[in-house]
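The values are calculated or read from the model by the stated rules, or taken from the named source; none is laboratory data. Here the structure is a predicted model, which means the values were calculated and not measured. Don't worry about glycine lacking a Cβ; one is built from the backbone with ideal geometry, like all the others, and counts go over all protein chains shown. The protein model used for the area step is the full one, side chains on, heavy atoms only, and it has no ligands, DNA or RNA in it. Shrake-Rupley method; radii C 1.70, N 1.55, O 1.52, S 1.80 Å.
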Amino acid sequence: MLNIGNLKLNTDFDHRIIREEENDIDIFVDINYRSLDLDVGESNFFISRLQFPFVRSLILRINKESTSMTVHLMRDIDLFSAFANFEIDYKDCIINIENNKEKAIFYKSK
């Protein structure tokens, strides 16, 4: 389990901090061109999940003093290859990025 500021990150994948300035941190998570299943839980908009095929990596951009994070989905290793991003609130939970053979599963847990 990685603890940075208010973030609790549990992941099976290789990860590293690629940028750190005062309170801002970017964490690179290498999911190696897997599909990413985003489990949206009990959403009023989606039924169960969103799936993004062929994702090279994730960049998690956090501020140590807040509980919100921007997740960037990368098509390649180039930092300008982001093809989607979204924000999540991780207050009072653990962010999980698990390896499930051909796909990665991203979800929140208590």
Item to check | Loop-resident sites, the stretch 22-97, for trypsin sites (Lys or Arg not before Pro), counting at most 12 other Cβ within 10 Å (DSSP) | outcome: 91
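Rounded to the nearest percent, how much of the accessible area of the stretch 1-98 (1.4 Å probe, protein heavy atoms only) is carbon and sulfur?
On the way: 2610 of 5800 Å².
With neighbouring chains kept in place, the figure for the stretch 1-98 is 45 percent.
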Checklist outcome for this item: Once Lys and Arg are counted +1 and Asp and Glu -1 for all other residues with Cβ under 15 Å from that of residue 69, the total becomes -1
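With a sphere of radius 13 Å drawn around the Cβ of residue 16, what net charge do the other residues whose Cβ falls strictly inside it have (Lys, Arg +1; Asp, Glu -1)?
Values: positive: 19; negative: 14, 20, 26, 30.
Once positives and negatives cancel, what remains is -3.
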Checklist entry - Which whole-number value in Å² is the accessible area per residue of the chain, probe 1.4 Å? => result 61 Å²
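At most 10 other Cβ atoms within 10 Å and a DSSP loop assignment: could you name the GluC sites (Glu not before Pro) in the stretch 25-110 that fit? Could the numbers behind the result be given before it?
Working: sites: 42, 65, 87, 98, 102; in loops: 42, 65, 102.
Within the stretch 25-110, the qualifying GluC sites (Glu not before Pro) (loop, at most 10 other Cβ atoms within 10 Å) are 42, 65, 102.
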Checklist entry - Which three extents, in whole angstrom, do the alpha-carbon atoms of the chain cover along their principal axes, largest first? => result 36, 32, 23
